[in-house]
C-alpha cells in the first residue's frame with residue numbers, strides 16, 4: 001500500500017462519490033476505481049457498499065480510522081522536523097465553526113509570533129473530533145460540545161444568545177423574552193448541524209415544538225440582513241451585537257439559562273503539538289475573553 005493510494009482512499013471515504021473524488025484529486029475516475037479495488041484486494045475485504053450509491057461500510061470505517069492515524073503521524077513527523085530545522089517557528093492549524101470570535105486573539109498571536117504560519121480551517125463540529133484524531137488540525141474551537149473519546153478541552157467563554165428582531169417588531173422594545181412567547185414566530189436561522197440551529201431546535205423541543213423556519217442559510221451576515229429586513233426573527237449570539245458590521249435591529253435577552261453557547265477549545269489528548277500550536281493553545285486559553293464583552 002503506497003501513501004498516495006491511502007490518501008486517495010481517504011478522499012473517496014469522505015465524499016462517498018467516485019467522480020467527485022476523482023475531480024478533487026485530479027485523477028481519472030477509472031484509475032481511482034482501480035486504486036480502491038486494489039486496496040480492497042490487498043485487505044481481502046470490501047471497503048464500500050455499492051448498492052445504488054457508494055457508501056463506506058463498517059470495514060471501511062475501521063480502516064479509515066487507522067489510515068488517518070498513520071498518515072497523521074507521518075505528517076506530524078514532517079512538521080516536527082521542519083520546526084526543528086526552522087528554529088521553532090513552525091505552523092499551527094486551527095479549525096472553527098466561525099472565526100468572528102477569534103479575530104482579536106489571532107491578531108495578537110500573529111503580532112507576537114510573526115514567523116509562525118497560521119492555517120485556518122472552517123469545519124463543522126461533527127468533523128472536528130475526527131480531524132483532531134487524524135492530526136489533520138492541531139486545535140479546534142467549537143460552539144457546541146464534542147462528545148468523543150481521546151480529546152482534551154478548555155472552555156474559553158460563555159456567550160449569551162438572544163433574539164434578533166427588526167426594529168419595528170412588537171418585541172423590539174423588550175429587555176427579555178421567554179421561549180414560550182416565540183413558539184409561533186417565523187425564524188431565520190442557520191442550516192442543520194450548525195450550533196445556532198441545534199440550539200434553536202433544542203430550546204423548542206423543551207416545549208414540545210419545532211421552530212417555524214422561513215429561511216435557513218450559511219452566512220451569518222445574510223441571516224442578520226434578512227432579520228433586519230423583516231422576514232423573521234432569529235437567535236443571535238451576544239458577541240454579534242458588538243461586530244463592526246452589525247446590521248440595524250434589536251437584540252433581546254432570552255429568559256432561559258440554556259440559551260447560550262459555551263465556546264470551547266479542543267485538542268487530541270495523544271497528539272504531539274508543535275511549539276507553535278502549544279503557544280496558540282496558551283494564547284487562546286489565557287486571553288481575557290471578558291474584556292469588552
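Can you tell me the orientation of helix 103-112 relative to the chain, as the angle in degrees between its alpha-carbon axis and the longest Cα principal axis, to the nearest 10? Between helix and principal axis, roughly 50 degrees.
Each label was represented as a point 7 Å from its Cα along the Cα-to-Cβ direction; for residue 4 and residue 99 these points are 3.2 nm apart. In this simple spin-label model, placing a label point 7 Å from the Cα along the Cα-to-Cβ direction at both residue 70 and residue 180 gives a separation of 5.9 nm.
Listed peptides 140-150, 175-185 appear in the order 140-150, 175-185 once ranked by packing, highest mean of other Cβ atoms within 10 Å at the front.
How would you rank 8-17, 62-71, highest first, on the average number of other Cβ atoms within 10 Å across their residues?
Packing order, densest peptide first, comes out as 8-17, 62-71.
Between residue 272 and residue 127, the distance separating the two model label sites (each 7 Å from Cα on the Cα→Cβ line) works out to 2.7 nm.
Were the residues from residue 209 through residue 57 laid out at 0.36 nm apart, the gain over their Cα-Cα distance would be 51.2 nm. To the nearest ten degrees, helix 195-205 and the longest principal axis of the Cα atoms of the chain are 60 degrees apart. Across the chain, the relative contact order, built from alpha-carbon pairs under 8 Å that are at least six residues apart, equals 22 percent. Against the main long axis of the alpha-carbon atoms of the chain, helix 58-85 sits at an angle near 90°.
Size estimate for region 34-157 follows the Kirkwood approach: the inverse of mean 1/r over distinct Cα pairs works out to 17.1 Å. Comparing Cα centroids, region 1-55 and region 78-152 end up 28 angstrom apart. So if we plug the beta-carbon distance of residue 37 and residue 78 into 1/(1 + (r/R0)^6) with R0 = 25 Å, what FRET efficiency do we get, rounded to 0.05? In this case the efficiency is close to 0.30. Need one word for region 182-293: rounded, prolate or oblate. Basis is the Cα gyration tensor (sqrt eigenvalues a ≥ b ≥ c); a/c below 1.5 gives rounded, then a/b vs b/c decides. Taking the square roots of the gyration eigenvalues as a ≥ b ≥ c, region 182-293 is prolate. Mean projected area of the Cα convex hull of the chain, taken over all directions, amounts to 18.3 nm². Radius of gyration over Kirkwood radius for region 96-216, both on Cα atoms: the Rg/Rh ratio is 1.04.
FYI, it's all coordinate maths here, none of it is from the lab. Not measured: the values here are computed from a predicted model. Using ideal geometry, Cβ is built from the backbone for each residue, glycine included, and neighbour counts are taken over all protein chains shown.
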